[in-house]
Amino acid sequence: MLFLWPDMLANWIGNEKKKTEGQFLIEVVGLKKVFDNKFEALKAVDFTIEKGDLVCLLGPSGCGKSTILNLIAGLLHPTGGDIRFNGSSVVKTEPKDRNIGFVFQNYALYPHMTVLENVMFPLTVGEKKIKKAEAKQIAETYMRLTNIEELSQKKPGTLSGGQQQRVAITRALVQNPEVLLLDEPLSNLDARLRLKIREEIRRLVKEVGITTIFVTHDQEEALSISDKIILMNEGVIQQNDDPQNLYLEPNNQFVAKFIGNPIINMLPVTIKEGQMMHPVFTIPLARFTDIRFKKPVPDGQYTLGIRPENVLTTTQDALFTTQIKSVELIGRERILNFDLADKHVKSIVTIEEIIEEGAEVAFDFQYKKAFIFDDKGERVY
Amino acid sequence: MFKKNYNPENQPKAWLFLLPSLVIIFLFSVYPLFRSLIMSFQKGTLINQRYAGIENYQKVLTDPVFFKALRNTALFAFTVVPIALILSLAIAWIIFEKVKHKSFFETIFFMPYVTSTIAIGIVFRYFFNGSYGIINYLLSLVGIAPVNWLDNVNMSMTTLIIFGVWTSLAFNIIILLAGMRNIDQEHYKIAKMFGANNWEIFRRITFPQLIPTFAFLLTVNIIAAFKVYTQVYALFGGQPGIAKSATTAVYYIYDKFHIAGRPGIAMAATVILFVIILLVTFVQNKILKKVGE
């Protein structure tokens with residue numbers, strides 16, 4: 001009997017541990033939203049988010065990314081589908097009971113309160129409010145975490161954009177929510193500050209260990225800090241993947257075009273009898289890597305997608321030779337611009353490769369890194 | 001082509017554009033101010049004035065009617081202004097928070113402001129009428145005996161105050177609504193997300209951000225209340241209440257100037273009222289600044 005004790009204890013602790021470690025999941029199932037003006041913002045969206053992940057909702061304006069965020073926060077009501085936190089639906093739960101922290105694009109700091117009062121605010125209102133002294137202590141703990149203690153007596157109006165951002169995040173964290181939602185957190189900051197703050201956000205949410213969802217239209221921002229990216233367009237998820245995969249293995253033409261700067265070159269081609277034909281060049285399909293074909297390619301119209309860094313200058317076996325229309329120098333890269341059958345094409349070479357405007361240059365493609373899309377935009381290679 | 005002495009921050013041309021308003025302000029505001037100051041030291045009729053020293057002031061300051069007028073004015077100002085402000089704040093908040101089609105209600109509430117006080121006064125005379133007025137009828141429904149609103153010496157100030165509150169609501173509500181609309185909607189959204197209830201939102205977010213608007217209204221209302229005249233005239237059919245029981249300071253001035261034909265005394269009273277309003281506004285601003293900190 002006595003010997004059983006440690007075992008039981010261990011078992012019990014183990015169970016407890018399992019419970020707290022249980023993967024916190026946000027499950028979004030068949031989520032739909034049609035606005036009053038009949039605009040269909042979301043068309044049956046499904047995804048899950050794992051506990052502790054930093055997930056980015058990325059896409060152009062009007063793609064539905066902010067709608068998803070507002071639905072998760074409870075600021076909008078879905079037309080269909082379900083949102084589950086830890087397995088239970090929250091669609092009918094009020095925002096205040098969803099255990100979320102929300103940071104608006106413009107931070108929505110209270111201008112008449114000091115930073116400390118702003119951060120304390122969530123703790124001193126509502127049914128769960130606590131004593132002022134206690135609230136102050138908790139607020140100060142979080143302010144140390146985000147390095148804003150020295151600002152505590154200032155009013156938001158006197159702070160820089162980056163400081164305001166940190167105050168807003170601290171205020172969102174102070175109720176110890178399970179999910180942090182950030183709506184375009186960096187769009188109000190200048191370019192240099194953005195780089196700094198985005199790393200800071202990542203460090204912070206990883207330190208707190210909070211599951212974070214943020215919305216952005218800036219691919220670079222998304223690629224640099226998120227664990228997962230959900231790329232949206234016109235209310236549909238285009239790809240839900242690791243940042244690197246989005247660039248290297250896009251699902252379709254939209255993803256390939258959206259991710260990557262400068263933008264990917266898209267060339268309309270015809271495939272016929274094992275040959276890829278373009279007005280300027282013809283490539284035997286055998287040049288492409290066999291195993292990278294996802295589907296058989298029947299004869300027809302396709303689009304060849306090739307990133308600028310995979311359009312290479314060559315000295316032998318040129319695919320085509322063309323005249324360079326203009327050259328841009330960006331840091332350590334040289335971007336060559338030219339036209340192929342009325343399509344503008346870019347090629348990135350190193351700065352050492354001295355090529356001037358008007359030069360005749362021979363090019364080839366790096367076939368194993370090219371993409372081929374069918375006429376529906378789906379990727380076949 | 002720039003002129004030799006061109007300076008983008010200081011262009012004499014600006015005076016040209018300011019001239020029309022400066023002329024009008026000088027002619028109708030600044031000049032009368034000094035003119036009345038001079039007249040307060042003169043006696044006789046308007047066309048035959050002689051220097052009188054401080055005689056006018058002595059007369060005014062020993063006139064019990066003037067003190068009664070001042071008491072009435074102060075009573076009016078210090079009851080109407082706070083009651084009207086609190087009521088308008090409550091109404092504005094309800095419209096802002098609870099009412100759909102806000103612009104419709106805004107229009108409704110603004111109507112009294114664009115309607116002539118005289119016209120409103122005539123309608124209110126019917127409402128307040130002792131024998132067939134709707135107010136007494138409504139009071140009788142809840143078992144309160146009819147009140148002689150208009151023809152009772154002891155009631156005329158109460159009636160005037162009720163009327164004063166009603167007439168100042170419109171402007172206050174519109175300005176407060178504008179102030180509320182200026183507050184970022186996201187301040188409310190986020191507060192609700194933190195679980196704040198409506199009262200907490202009002203007390204901690206709306207009201208503090210309305211303080212500048214509130215201070216402006218307080219100043220404007222106090223000044224307007226000290227100058228009360230039209231409401232008295234409209235409500236009591238051109239009389240300052242039964243047996244002059246609702247005489248106010250401006251009514252006293254008007255009476256001395258036009259009825260009694262004593263411009264000197266009227267102007268002395270005017271100067272005294274001017275000084276009082278100046279002092280009250282000054283003190284009020286000091287207090288508001290203290291409160292603001």
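Assorted remarks:
- The residue that is farthest from B:K192 (Cα to Cα), among those in region A:64-77 that are hydrophobic (A, V, I, L, M, F, W, C) and buried (at least 24 other Cβ atoms within 10 Å of the Cβ), is A:I68.
- Of the residues making up region A:113-124, at least one is assigned to a loop (DSSP other than H, G, I, E, B) and either more than 9 Å from chain B (Cβ to nearest Cβ) or surrounded by fewer than 23 Cβ atoms within 10 Å (Cβ to Cβ) (or both).
- Which numbered condition B:G130 fails, given (1) in a helix (DSSP H, G or I); (2) in contact (Cβ under 8 Å) with a residue 12 or more places away in the chain; (3) within 20 Å of B:Q231 (Cα to Cα): (1)
- Meets criteria (buried (at least 18 other Cβ atoms within 10 Å of the Cβ) and of a type in the set (F, W, Y)) for B:F124: yes
- Looking across region B:245-286, the residues that are of a type in the set (A, V, I, L, M) and either under 26 Å from B:T159 (Cα atoms) or outside the structural domain of B:F226 (by TED's automatic domain parsing) (or both) come down to B:A246, B:A249, B:V250, B:I253, B:I259, B:A269, B:L273, B:I276, B:I277, B:V280.
- Neighbours by Cβ (under 6 Å, 6+ apart or cross-chain): first from region B:198-226, within 11 Å of chain A (Cβ to nearest Cβ); second in a helix (DSSP H, G or I) and of a type outside the set (F, W, Y): B:I201/B:A191; B:I205/B:H187; B:I205/B:A191; B:L210/B:G179
- Residue that is surrounded by the most Cβ atoms within 10 Å (Cβ to Cβ) [pool: residues in region A:39-63 that are of a type in the set (D, E, K, R) and farther than 15 Å from A:L180 by Cα]: A:K43
- Among the candidates A:E309, A:E328, residue that is of a type outside the set (A, V, I, L, M), farther than 15 Å from A:V361 by Cα and free of Cβ contacts under 8 Å to residues at least 12 places away in the same chain: A:E328
- Condition met for A:R98 (assigned by TED's automatic domain parsing to the domain that holds A:K32 and touching a residue at least 24 places away in the same chain (Cβ under 8 Å)): yes
- Residues that are in a loop (DSSP other than H, G, I, E, B) and out of contact with any helix residue (DSSP H, G or I) (no Cβ under 7 Å at 6 or more places or on another chain), drawn from region A:66-97: A:H77, A:T79, A:N86, A:G87, A:V90, A:V91, A:K92, A:T93, A:E94
- When each of B:I175, B:I161 is tested for being within 24 Å of the chain's Cα centre (by Cα), free of Cβ contacts under 8 Å to residues at least 60 places away in the same chain, in the same structural domain as B:T107 (by TED's automatic domain parsing) and assigned to a helix (DSSP H, G or I), the lone residue that passes is B:I175.
- Annotation: B:V275 fulfils all but one of (1) out of contact with any strand residue (DSSP E or B) (no Cβ under 7 Å at 6 or more places or on another chain); (2) crowded, with 16+ Cβ neighbours inside 10 Å; (3) more than 24 Å from B:G121 (Cβ to Cβ); the unmet one is (2).
- Restricting attention to region B:84-113, the residues being at pLDDT 90 or above and closer than 18 Å to B:T230 by Cβ number 1.
- Single unsatisfied condition, A:D241 versus (1) farther than 28 Å from A:D339 by Cβ; (2) touching a residue at least 40 places away in the same chain (Cβ under 8 Å); (3) buried (at least 17 other Cβ atoms within 10 Å of the Cβ): (2)
- In the set B:F110, B:F34, B:F66, B:F105, only one residue is without any contact (Cβ under 8 Å) to a residue 24 or more places away in the chain, surrounded by 15 or more Cβ atoms within 10 Å (Cβ to Cβ) and assigned to a helix (DSSP H, G or I); that residue is B:F105.
- Scanning region B:171-185 turns up no residue that is of a type in the set (K, R), closer than 27 Å to A:L181 by Cβ and within 14 Å of chain A (Cβ to nearest Cβ).
- Taking the criterion of being surrounded by 15 or more Cβ atoms within 10 Å (Cβ to Cβ), outside any loop (DSSP other than H, G, I, E, B) and under 30 Å from the mean Cα position of the chain (by Cα), the residues of region A:284-311 that qualify are A:R292, A:Y302, A:T303, A:L304, A:G305, A:I306, A:P308, A:E309, A:N310, A:V311.
- The sole residue among A:R194, A:R171 that is assigned to a helix (DSSP H, G or I) and either under 12 Å from the mean Cα position of the chain (by Cα) or surrounded by fewer than 23 Cβ atoms within 10 Å (Cβ to Cβ) (or both) is A:R194.
- Candidates are the residues of region A:81-111 that are within 8 Å of chain B (Cβ to nearest Cβ) and crowded, with 18+ Cβ neighbours inside 10 Å; the one that is farthest from the chain's Cα centre (by Cα) is A:Y110.
- Checking region A:302-312 against the condition returns a match, with at least one residue being within 22 Å of A:A341 (Cα to Cα) and among the small types (G, A, S).
- Of the residues B:Y126, B:Y113, the single one that is over 29 Å from B:F216 (Cα atoms) and aromatic (F, W, Y) is B:Y126.
- If you go through region A:143-156 and keep only what is within 34 Å of the chain's Cα centre (by Cα) and either assigned to a loop (DSSP other than H, G, I, E, B) or within 14 Å of chain B (Cβ to nearest Cβ) (or both), you end up with A:T146, A:N147, A:I148, A:S152, A:K154, A:K155, A:P156.
- Residue match in region A:43-50 (condition: away from chain B (no Cβ under 13 Å), of a type in the set (V, I, T) and assigned to a loop (DSSP other than H, G, I, E, B)): no
- Inspection of region A:53-67 finds a residue satisfying the criterion of being among the polar types (S, T, N, Q), away from chain B (no Cβ under 14 Å) and under 24 Å from A:M232 (Cα atoms).
The values are calculated or read from the model by the stated rules, or taken from the named source; none is laboratory data. Everything numeric in this text was worked out from a predicted model, so none of it was measured. Cβ coordinates were reconstructed from backbone atoms using ideal geometry, including for glycine residues, and neighbour counts include every protein chain displayed.
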